[in-house]
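The values are calculated or read from the model by the stated rules, or taken from the named source; none is laboratory data. Predicted model, so just to flag it, every value in this text is computed and none were measured. Cβ coordinates were reconstructed from backbone atoms using ideal geometry, including for glycine residues, and neighbour counts include every protein chain displayed.
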Amino acid sequence: MKIDKIGLLGFILIILGLFVYVTSPLDQVVMMITWPLLSGSSEGKAVLLMVLMGSFLLLNSLINTWGVLTPIKENITTYSPDGKKFFKWTMIIILLTCVVGVLIEFYIRLKYGVSPLTIFVSTNPTSTSTSPMHTHVFKSVFGHLADSMGGLVPEHVHTGGSLYPDVIPWAYFILITLPLACVTGLFSLDERKPVQRVLMALALTSALIGMVDGGLYSQPLVFGLGLLILIYFVRMPFQFKQLIIPIVVMGLIVLSGVGLELAGNNSSYREITVINQYEPVDLSDYNILSTQKEGNRTVIRMDTSVSDKQTLESLFVTYQGRADGFFMTWDFFSYF
């Protein structure tokens, strides 16, 4: 068995990712480097980026060079000589999964009878937020599995497992599409030029991370999917018309995201809908405009003088372990 340079690079990335996972000296450096790509990078996502990207490169090298895997290589080539069919299926699977993630977000809000364009925070046993603009519904499935195993994920890495009861069984969809996207993505690397394979592995890994953690409008997904679409449509000799479809597709995603942000914006007041509160809380630190009890829900309105981020972080502490969760409207302009 021999490994080419691409395979060696993949092996190095895997080892580096595992080293970051089991030690702490490189944590901050790695997170700082990967932050522009992963946005809000955590140790967990940084490790995933290196290990998953390295695995794609290493496995691609083995398929292309290891004689034992020749039958697999032949079947791949027979179905798609240049890997484009697998490439196309990979992008379709990623997009479909992200759309389903947004639909699950809407389903959660429909179930509780609140606006579809709100932030949901599950507060039992720990606080985890999710919204159509940055969804954690699929992450919670893997987070629940990790929490069940115990010790698999470092304590300071947030798994999002508390969302699990609100997203099943629909979020199990990721258990089908993620493996499929990994397989079709691996096969789409084919025997392209080394630089192109590295870029594809980076884009694929980023898109898969965004698909699980963040969803359609997350930075890793937009970067990864955008780069994949560019690689798919741009050919040599280069012509500007090759950019039309990538620009249209990514433009539609970005514009729809901005449209939803603006559609859900409420700068007049912030509305909090608390679900099944079973312990009293102290709201004296908040500028409350009104409070209304509606069955198992408590609807609270407060002013928007404090940013969404600060309010959320405060409400995490206020309601954690004292309610099943709460929904909050957002003020889009508070992020500027």
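If you check D331, D308 for being of a type outside the set (K, R), in contact with a strand residue (DSSP E or B) (Cβ under 6 Å, 6 or more places away or on another chain) and closer than 24 Å to F106 by Cα, only one passes: D308. Taken over the range 95-119, the criterion of being surrounded by fewer than 17 Cβ atoms within 10 Å (Cβ to Cβ) and basic (K, R) is satisfied by K111 alone. Within the range 306-327, how many residues turn out to be assigned to a loop (DSSP other than H, G, I, E, B), small (G, A, S) and more than 15 Å from R270 (Cβ to Cβ)? Count: 2.
Of all the residues in the range 201-223, those that are crowded, with 24+ Cβ neighbours inside 10 Å, of a type outside the set (V, I, T) and part of a helix (DSSP H, G or I) number 9.
To keep it simple, each residue is scored yes or no on (1) part of a helix (DSSP H, G or I); (2) at pLDDT below 95; (3) more than 21 Å from Q320 (Cβ to Cβ).
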position	(1), (2), (3)
I92	yes, no, yes
L96	yes, no, yes
K111	yes, yes, yes
S129	no, yes, no
K139	yes, yes, no
G143	yes, yes, no
V153	no, yes, no
H156	no, yes, no
T159	no, yes, no
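If you go through the range 69-84 and keep only what is in contact with a Phe, Trp or Tyr (Cβ under 6 Å, 6 or more places away or on another chain) and without any contact (Cβ under 8 Å) to a residue 60 or more places away in the chain, you end up with nothing. Taken over the range 66-84, the criterion of being within 32 Å of the chain's Cα centre (by Cα) and polar (S, T, N, Q) is satisfied by N75, T77, S80. Consider the range 56-94 and keep the residues that are closer than 17 Å to A181 by Cα and among the small types (G, A, S). The one that is surrounded by the fewest Cβ atoms within 10 Å (Cβ to Cβ) is S80. For the range 20-34, the criterion of being touching a residue at least 40 places away in the same chain (Cβ under 8 Å), in contact with a helix residue (DSSP H, G or I) (Cβ under 7 Å, 6 or more places away or on another chain) and closer than 30 Å to V234 by Cβ is satisfied by no residue at all.
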